[in-house]
Amino acid sequence: MKLNTLTPAKGSVKNKKRIGRGQGSGKGGTATRGHKGAKSRSGYSKKLGFEGGQMPLQRRVPKFGFTNPNKVEYKAINLDTIQSLIESASVETIKFNDLVEHGLAGKNDKVKILGRGELKSKVDVEAHAFSSSAAKAIEAAGGKVTQL
């Protein structure tokens, strides 16, 4: 082994060209950034959604309408569904927990009973809201309406 044959391990030394260190380095002047324009300046950072001065998509698309943050969404359950639940589970009172157990509503849902279909048997129903036709139909069948 001689000193003149010593070399660093393969891949350990990278030829890093030092940019912007004067004209004598060969990489001075524009320092590989090209001439003029935003990208050649110091402190440049591209804004999110910037399209080179063209009106960005976010601002071209029309905006309209209003979203009410206080809107209450109900899970709708009709009388025919309640009738089929009565027939399958043979119950006289339907509470909110029963609807959750039978997969008709989620535990965080608010339930509204609607008047489609007909009720053949007496049943007490407990829910967050009722349509007027559903309440009349339940009471006409001899049942009771309880609002949560």
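Here are some notes:
- Amide H to amide H distances under 5 Å link D124 with T93, I94, K144, where only residues 5 or more positions off or on other chains count and H is placed in the peptide plane.
- Net charge of the neighbourhood of A141, taken over other residues with C-beta under 11 Å away and scored Lys/Arg +1, Asp/Glu -1, is +1.
- Of the trypsin sites (Lys or Arg not before Pro) in the range 11-78, the ones in a loop by DSSP (not H, G, I, E or B) with at most 12 other beta carbons within 10 Å are K14, K16, K17, R18, R21, K36, R41, K46, K47, K63, K71.
- Cβ-defined net charge surrounding G115, 14 Å radius [Lys, Arg +1; Asp, Glu -1]: 0
- Low-density loop positions, GluC sites (Glu not before Pro), the range 57-133 - DSSP coil, at most 13 other Cβ in 10 Å: E73, E92, E118
- Pairs exceeding 29 Å between alpha-carbon atoms, taken from K16/K39; K110/K136; K14/K39; K10/K39; K75/K144; K39/K63: K10/K39; K39/K63.
- Looking at the range 13-81, the chymotrypsin sites (Phe, Trp or Tyr not before Pro) that sit in a DSSP loop and have at most 10 other Cβ atoms within 10 Å of their own Cβ are Y44, F64, F66.
- Derived scalar couplings ³J(HN,Hα) [the range 132-138; Karplus, 6.51 cos²θ - 1.76 cosθ + 1.60; whole Hz; x for Gly, Pro]: 5, 5, 5, 4, 4, 5, 5
- Per residue solvent-accessible surface (Å²) - the chain, probe of 1.4 Å: 80 Å²
- Ligands, DNA and RNA left out, the accessible area of the chain computed with a 1.4 Å probe is 51% carbon and sulfur.
- Only one of (i) 20.3, 60; (ii) 36.7, 108; (iii) 15.7, 55 was calculated from the structure for Rg and Dmax of the Cα atoms in Å, and its label is (ii).
- The H on the amide N of V111, modeled in the peptide plane, is under 5 Å from the matching H of K75, H128, A129, each at least 5 residues off or on a different chain.
- Helix axis angle, 79-89 relative to the chain longest principal axis, alpha carbon, degrees: 80 degrees
- Remark on N78: its backbone amide H falls under 5 Å from those of L114, a criterion applied only to residues 5 or more positions apart or on other chains, H modelled at 1.01 Å from N.
- Note on K47 and K17: the extension gain reaches 7.9 nm, defined as 0.36 nm multiplied by sequence separation minus the Cα-Cα distance.
- Per residue Cα convex hull volume in Å³ - calculated over the range 28-79: 170 Å³
The values are calculated or read from the model by the stated rules, or taken from the named source; none is laboratory data. Note that this is a predicted model, so its numbers are computed, not measured. Reconstructed Cβ throughout: ideal geometry from the backbone, glycine too, with neighbour counts over all protein chains shown. We work out accessible area using only protein heavy atoms, side chains counted, and drop any ligands, DNA or RNA first. Shrake-Rupley method; radii C 1.70, N 1.55, O 1.52, S 1.80 Å.
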